[in-house]
Amino acid sequence: DGMALGNMVASHMQITRLALSSNFITGQGVASLFRGVLENSAEGGQLADIDLAWNGFGNSSSGAAAEAISKVLSKSTTLYHLDLSYNSLDAASCATIGEGLKDNHYLYG
């Protein structure tokens, strides 16, 4: 699931938006996806909007997902919108994602 998405995102620099809500992507899938997003960003990609609402990945491997999301938030200068709503993230995962937001001045919502 997320590994294929991560590989695709990593190698397609012109992608600007991913609408992936309600796809039942797991925590490990989200982690793989965001490793691809990080590579996309590092290589000059244009990905600016990711919608992952209603996947429920907080119920499985949310720590790995939160770490990967946090890395992207701390490094990406193109991502301006990220929807993580309704994913059952626990407090620890939210704190990890929050660390990535500390110095992020690009994300609007």
Cα convex hull of the chain: how many Å³ per residue?
74
Qualifying GluC sites (Glu not before Pro) in the stretch 1-71, DSSP loop, other Cβ atoms within 10 Å at most 10:
E43
Hey, if we sort K71, K102 by accessible area with the 1.4 Å probe, largest down, what's the order?
K102, K71
Relative contact order for the chain using alpha-carbon pairs under 8 Å, separation at least 6, rounded to a whole percent?
28
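The values are calculated or read from the model by the stated rules, or taken from the named source; none is laboratory data. Not measured: the values here are computed from a predicted model. Every residue, glycine among them, receives a Cβ derived from its backbone with ideal geometry; neighbour counts consider all protein chains shown. Protein only, heavy atoms only, side chains kept; ligands, DNA and RNA dropped before computing areas. Shrake-Rupley method; radii C 1.70, N 1.55, O 1.52, S 1.80 Å.
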